[in-house]
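Peer 1: Take this structure, written in structure tokens, and hold onto it; I'll ask about it next.
What follows is calculated from the coordinates using simple rules that are stated; it is not laboratory data. Small disclaimer: the values here were computed from a predicted structure and weren't measured. A quick note on method: Cβ atoms are made from the backbone with ideal geometry, for glycine too, and the neighbour counts reach across all protein chains shown.
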Amino acid sequence: MFVKRFRTWWRAPVTLRDRWIGAFVGGFGGLWIGLLGRGMLGAGPVGIRELLLWGLGASACFAAAGYAFPKPVTVLLFPLSMFGISR
């Protein structure tokens, strides 16, 4: 059932709703990629201001990518967009 719905969604033309969801998911996923990537892979110690700038920059880039390519970005970054959200 899930595979059939996913296949139908994947093959359907991109809608404006898909683009906004892709931008939203890309923004949150990019935020985590920027924060964790700069914090772990860059030279340390790192100030909070620099982490925030990297996070916001990556968020903007991935939100733009999510708007341009909504379906691949949504599928790849959805797990990262939910990172840190709990009950």
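Peer 1: Yes or no: residue 20 closer than 22 Å to residue 82 by Cβ, of a type outside the set (A, V, I, L, M) and touching a residue at least 60 places away in the same chain (Cβ under 8 Å)? Spell out how you get there, then give the answer.
Peer 2: On the way: closer than 22 Å to residue 82 by Cβ: yes; of a type outside the set (A, V, I, L, M): yes; touching a residue at least 60 places away in the same chain (Cβ under 8 Å): no.
Taking the combined requirement at face value, the residue does not satisfy it.
Peer 1: What are the residues in the stretch 1-35 that are part of a helix (DSSP H, G or I), over 16 Å from residue 78 (Cα atoms) and not hydroxyl-bearing (Ser, Thr, Tyr), if any?
Peer 2: Taking the stretch 1-35 as the starting set, the residues that turn out to be part of a helix (DSSP H, G or I) are 2-11, 16-35.
Then drop every residue that is not over 16 Å from residue 78 (Cα atoms), which leaves 2-5, 7-8, 11, 16, 35.
Across the stretch 1-35, the qualifying residues are 2, 3, 4, 5, 7, 11, 16, 35.
Peer 1: Output yes when any residue across the stretch 35-56 is surrounded by 20 or more Cβ atoms within 10 Å (Cβ to Cβ) and closer than 25 Å to residue 6 by Cα, and no when none is.
Peer 2: No, because not a single residue in the stretch 35-56 is surrounded by 20 or more Cβ atoms within 10 Å (Cβ to Cβ) and closer than 25 Å to residue 6 by Cα.
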